[in-house]
Every structure is written in structure tokens, then in C-alpha cells.
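The values are calculated or read from the model by the stated rules, or taken from the named source; none is laboratory data. These numbers were taken from a predicted model, which means no experiment stands behind them. All Cβ positions, even for glycine, are placed from backbone atoms using ideal geometry, and neighbour counts span all protein chains on display. Heads up: the accessible areas ignore ligands, DNA and RNA and are worked out on the full protein's heavy atoms, side chains in. Shrake-Rupley method; radii C 1.70, N 1.55, O 1.52, S 1.80 Å.
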Amino acid sequence: MMNILTYTNIFFYGSLLLMILGFVIVFTQKNILKIILGLNIAETGVNILIVFSGAIRSKSAPIITNSFKDITSMVDPIPQALVLTSIVIGFGVTAFGLALAVRLYEKYHTLDISKIRGLKW
Amino acid sequence: MVNPIWLILYPLCGAFVISMLYSFKSGFVAKTIAISAVLFNAVLALYFLVNTNTPVSITIAGFAPPVGINLVVDHFSAFVLAVANFIAVLSVVYSLNHIKENANKYYILFLLLIAGSNGMLLTGDIFNMFVFFEIICISSYALVAFEQNKNGFEASLKYLILGTLGSILILTAIALIYMTTGTLNFGDIAVKFSSVENGYKVLIAIFLLSGLGIEAAIFPFNTWLPDAHSSAPSPISAVLSGFVIEIPLLIIVKIITTILGFSSFSSIFVVLGLTTLLVGEISAFKQTNIKRALAYSSMGQIGLMLIVLGTTSTEALTGALMVFLNHAFAKSLLFFSAGSMIKSTGSYEISDYKGLAKKMPLSAFAFVIGALSLIGVPPLFGFFSKFMAIKSIVSSGGYLVATLILLGTIIETVYFVQIIQKLYNKKEAEGAIKQSSSLLASLVSIILIAGITGSMFVISGIINFGNLSAVSFLTKPFN
């Protein structure tokens, strides 16, 4: 565990940094589109973290062919399967969020959440 | 043993079939499929409740569990499944009359919501749990905005932003769990987690608690709940309050206490639960909109459940599940009666309901029964659930906590009595239409019967979930 961290610090802390950046955007921005972008940035951070959790340097892609069957020199394929699912979910949520943004713009003629106050925020 | 995957598969396939037969505008096909799916699920869930003696693990897709995905049915999940699917049946029956437009879309989303809830309870794989959690979330975002008005869109966006933040946190926890243990299966995690470094353990528990806590509306993350639950159509509010927010709550506690093995988190649960309870009840007290008041009251009950689950006594799980059962029925009854009152008066304001009991005696009576059961008035089931909850708290020494819960109950009593007083006011309400609903009558009788039988069970100790203590949440989930 720790020896992975030592040479791939950049992925681990980079992904956490992206998440924090996304969260800061969500909590500071007023524009709905920017908030949705912030969510996407944070999601990208998590996706990198997931891929990183299975990555091991100097190992190859987990594809078994006739000439290459050495499983021990392959990276773990499970996180790559997980990250595909998580990307698709993120895509769905983003699409729905953007559709809501369009509908809110039709009703209020603004994308500024501080001006959309039908309910108590 | 019937394969529990049908609980997920039937509503999921039903949703796809409805979307393929979209050209039938009348919604007849959608209604038939939805009714058959929820009835089938309720019967199957009852079958599991009766027949599950030891936890059963079923492998799906042909790979053995630590690698593949398995479904686990135990006492706990069978009980929650039975309650949830029963509420779903009542909600669909109520929707037949309540939802006139876009019925196809409505039932697609509803069935997806049911499939997600059942899947989240059954699955034995943490990433699979996340996927079902997202199914619940996305379908409830859409259902909150279903009435396509300003409030619905706004509440839905708010829910979406917070819900997505929550799922990002859960995903981070899952990534950290996979990094440290190299597995996603609950049972396998439970075995390997003890060797993980303490810093990671705490980090994972905090990420999971805050991620699932957003969906469960635990105190600092509760802001979306009143808006979402008050903007949704009434049958959906009943489902959302009845079991959709409780399932993540029960799952958090299950994961943190049994799988990650953190017994030290129980005091955090008690503190969070208390703040949630008091904030919920005090906010409910101030509301003038009936559905917002009911939504905040759900928050109070969530807090109560969390406190009970945080106590270390052997009756904790029994108490929490009884509170869950009572809340699911009483709150859906309240939302159904509030829904018909809103429909006939066209107003959400409690002050417009003066004297409504004369025009709508059944709805008003249903409201009274639901409110009394939620407060915990003796012949009703609510009394026994609250009694059990407080008993489990006192037996683990939490006298101050028990006092604060009773304080919350007093506030709850005050605002419910205020509403009931308005309903039975002598003055006539204007524009109200007389409306009868056999569903409300049946629900009222269910709560009454449950109250009487529940009391006998408690006295004779037949409902003894005590032996179902924390460990049996998850005995032998794989092999």
C-alpha cells in the first residue's frame, strides 16, 4: 500500500485536489452551469482515484492473448470496470442537471441561484 | 428458496416494458404493469420475511462472491423489504387516482425507484450498492420535478447538487476501501478491514457517513429534504419519507458498525441523531405549509432512529426497526390524507384547512390517526415503537438523551395538535369537495390493527429482533 503511494503521489493527491477544487466551485459559484461543472470536476477526481487504486507501475493492460497470458504482470482490471460505470452515472446526472437548468431558465430567465428563490435555500 | 433477484428484476423490466409501450397514451398498460410489479414484490418480500431463518447468499452471474456479486437476504433486509414494498403497493394504488398526466413517465420512474431500493437492501457488494443508490437518487430527482412547476425544478436541482456531492463522497470511500483491502464484497471487507491502518479506517467511515448521510437527511445535510418532499407529488412524498430516506440510514449503520467494525461511532450516531431530531421537530413547528411540516417531522423520526441505532443495548435494532415500521405507515397515511386535502382545497397552507373535517371526514380522521401514531399515543403502534426506542436508550444509560427525545415528542405533539385543531375548527371551509377514499380507510385500519397486535407481540416478546443483533446483519455473506 505505502510503496504505491511513494512513487505515484501525484495521482493520489492530484485526484484529491481535483475533488476539493470541485467542491469549492460548487459551494462558491452562483451560476447553475458552473455548479454542474464543479460537480463534474469533482467526479473526474474520484474517477482518477478509482483507476489509481488498481494501477501498478510497469504492468501491462489486463488483456489475455494467445502469446501473453502472464496474469501477475497485469494491472487489476476491476477498478477500470468500476470507473466505466461511474463515468456513465456521472454522465446521466450531468444530463439531467443540465435539463433542469434549461427548465429553470425558462421559468426564471436567469441561471443565478441566488435569484431563484421560490423555496427557502 | 425463490431467487431474491426477482425483487429487483420485475420492477426494472417493468420500467423498460412501459418505456417501450410508450405509444399507449392512456397509461392503462403502465398502471397494470406497475400494480402487478409492486404486488408481486410485496408478496415475495413477505415470503422472505416468513421464510428467512438464517441469512441466505445467492450468487448471480456465475462468479463466486469475492469476485462476483451476491445478493444477501437476512432477517433485517427481509423486514425492511417487506415494509418498503407494502408502502409501495399503497402508494401505487393511491397514484391511480392521483396522477392523471404523464402516467407512463410516472410509473417508469416509480418502478425504477422501487428496483433501486430493493437492490440497495439486497446487494452484498459495495459498488453494486452504489449503483442502486444512484438509481434511487436519479429517479427521485426526476420524481421531485414531476409536477413541472417552479418549486419542483428548484427543489430537484437542489437535491441533485447535494445528492451528487453525496455520491462523490461514497465513491471516494469505495475507492479507498478497494485500495486498502482489495475487495468490494461486504463479507470480504469485514474480514480484511481489521488490518487496515487506523487513519484510513476513520477517513473511510467519515466519507461513507457524510455521503449516505446526505441522502438520509442527517442534520447538517438536511437542507434538500423539506423542499424535495414538499414539491413531489403526494404519493411520492409518502414513498420518499416512508422508506427511501430510511434505507440509506440503515445501510450506513450496517456498514459502519458491522462491516467496518467501528463500535466507537455509536456516540457520534447519538449526537447526530439528537441534533437531527431536535432541528427537525423545531423546524416542523414553524412551518405553515403542511407538506413541509410533514417533511421536517420525517427528519425528526430519522433522528430518533439514528439515536436508537447508536445505543449499544441489545434491543437497539428492534427499537429502530419498530420506529421505521411505525413511521413508514403513519407518515404515508399523513401524506396521503394531506394529498387529498391539498387536491380538494388547492392550497398547501395549514391555515386554509379550517373546518375541513366536516367536508372530508375520512381524510381528517386519517390525518388524526397518523398524527397520533407518530406522536405515540397508546392504543396505536407508535406508542409501542417509541416505548421500545426509549427503553433501549434508557437500558444503555442515556437518561439525558431520553429526556431530550421526550422534549422532541412534546414539540411534535404541539404542532400536530395545532393542525388537528384547524381541521376540526367549527368554521366552514370554502370550496372543499367531499371526497371519499377507501384506501385511506384501509390504511387507518391497518395502523389500528398493527397497534393492537404489535402491543401483544411486544408484551409476549414474539417480535424479538434482539437475537438479530448487529452481527447477524451479515453472517457469512459469501461462500
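Hey, can you tell me all the residues within the range B:43-63 that are part of a helix (DSSP H, G or I) and closer than 25 Å to B:Asp125 by Cβ? The answer is B:Leu44, B:Ala45, B:Tyr47, B:Phe48, B:Leu49, B:Asn51.
Out of the residues in the range A:66-89 that are among the small types (Gly, Ala, Ser) and within 11 Å of chain B (Cβ to nearest Cβ), state the one that is surrounded by the fewest Cβ atoms within 10 Å (Cβ to Cβ). If we take residues in the range A:66-89 being among the small types (Gly, Ala, Ser) and within 11 Å of chain B (Cβ to nearest Cβ), then A:Ala81 is surrounded by the fewest Cβ atoms within 10 Å (Cβ to Cβ). All of B:Val72, B:Val67, B:Val92 fail the test of being out of contact with any Gly (no Cβ under 7 Å at 6 or more places or on another chain) and under 30 Å from B:Thr183 (Cβ atoms), apart from B:Val67. In the set (1) closer than 30 Å to B:Glu154 by Cβ; (2) away from every other protein chain (no Cβ under 11 Å); (3) part of a loop (DSSP other than H, G, I, E, B), the condition left unmet by A:Leu33 is number (3). Whether a residue is at pLDDT 90 or above, of a type outside the set (S, T, N, Q), closer than 24 Å to B:Gly152 by Cα and touching a Gly at 6+ places or on another chain (Cβ under 8 Å) was assessed, and B:Ile302 passes this test.
Only one of B:Val38, B:Val43, B:Val29 is modelled with pLDDT of 85 or more and open to solvent by 10 Å² or more (accessible area, probe 1.4 Å). Can you tell me which?
B:Val43
Within the range B:143-159, restricting attention to residues that are part of a helix (DSSP H, G or I) and either more than 7 Å from chain A (Cβ to nearest Cβ) or open to solvent by 20 Å² or more (accessible area, probe 1.4 Å) (or both), the residue that is nearest to B:Gly116 (Cα to Cα) is B:Leu143.
Conditions tested, residue by residue: (1) within 21 Å of B:Ser234 (Cβ to Cβ); (2) open to solvent by 10 Å² or more (accessible area, probe 1.4 Å); (3) aromatic (Phe, Trp, Tyr); (4) touching a residue at least 60 places away in the same chain (Cβ under 8 Å).
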| site | (1), (2), (3), (4) |
| --- | --- |
| B:Ile350 | yes, yes, no, yes |
| B:Lys354 | yes, yes, no, yes |
| B:Phe383 | no, yes, yes, yes |
| B:Met388 | no, yes, no, yes |
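Based on what the data block shows, is B:Ile58 surrounded by fewer than 22 Cβ atoms within 10 Å (Cβ to Cβ), over 15 Å from B:Ile114 (Cα atoms) and in contact (Cβ under 8 Å) with a residue 12 or more places away in the chain? Considered against the rule, which asks whether it is surrounded by fewer than 22 Cβ atoms within 10 Å (Cβ to Cβ), over 15 Å from B:Ile114 (Cα atoms) and in contact (Cβ under 8 Å) with a residue 12 or more places away in the chain, B:Ile58 comes out as yes. When the residues of the range A:100-115 are narrowed to those that are part of a helix (DSSP H, G or I) and surrounded by 14 or more Cβ atoms within 10 Å (Cβ to Cβ), which ends up farthest from the other protein chains (Cβ to nearest Cβ)? Among those residues, the one meeting the criterion is A:Tyr105. The set of residues in the range A:90-99 that are more than 10 Å from chain B (Cβ to nearest Cβ) and touching a helix residue (DSSP H, G or I) at 6+ places or on another chain (Cβ under 6 Å) is empty. Whether any residue in the range B:90-100 is within 12 Å of chain A (Cβ to nearest Cβ), part of a loop (DSSP other than H, G, I, E, B) and within 24 Å of B:Ile342 (Cα to Cα) is what I want to check. Looking through the range B:90-100, none of the residues is within 12 Å of chain A (Cβ to nearest Cβ), part of a loop (DSSP other than H, G, I, E, B) and within 24 Å of B:Ile342 (Cα to Cα).
Where residues in the range B:105-142 are among the polar types (S, T, N, Q) and either in a helix (DSSP H, G or I) or open to solvent by 10 Å² or more (accessible area, probe 1.4 Å) (or both), which of them is farthest from B:Pro66 (Cα to Cα)? Ranking the qualifying residues of the range B:105-142, first place goes to B:Ser140. Checking B:Asn149, B:Asn198, B:Asn185 one by one, the residue that is touching a strand residue (DSSP E or B) at 6+ places or on another chain (Cβ under 7 Å) and modelled with pLDDT under 90 is B:Asn185 and no other.
Looking for whichever is hydrophobic (A, V, I, L, M, F, W, C) and without any contact (Cβ under 8 Å) to a residue 12 or more places away in the chain here; the options are A:Ile25, A:Ile63, A:Ile50, A:Ile35. Which one fits? Criteria check complete, one pass: A:Ile63.
Looking at the range A:45-60, can you tell me whether even one residue there is modelled with pLDDT under 90 and open to solvent by 90 Å² or more (accessible area, probe 1.4 Å)? Scanning the range A:45-60 turns up at least one residue that is modelled with pLDDT under 90 and open to solvent by 90 Å² or more (accessible area, probe 1.4 Å).
For first residues located in the range B:132-157 and at positive phi, partners that are assigned to a helix (DSSP H, G or I) and open to solvent by 20 Å² or more (accessible area, probe 1.4 Å) and lie 6+ apart or on another chain with Cβ distances below 9 Å form the pairs B:Gln148/A:Arg103.
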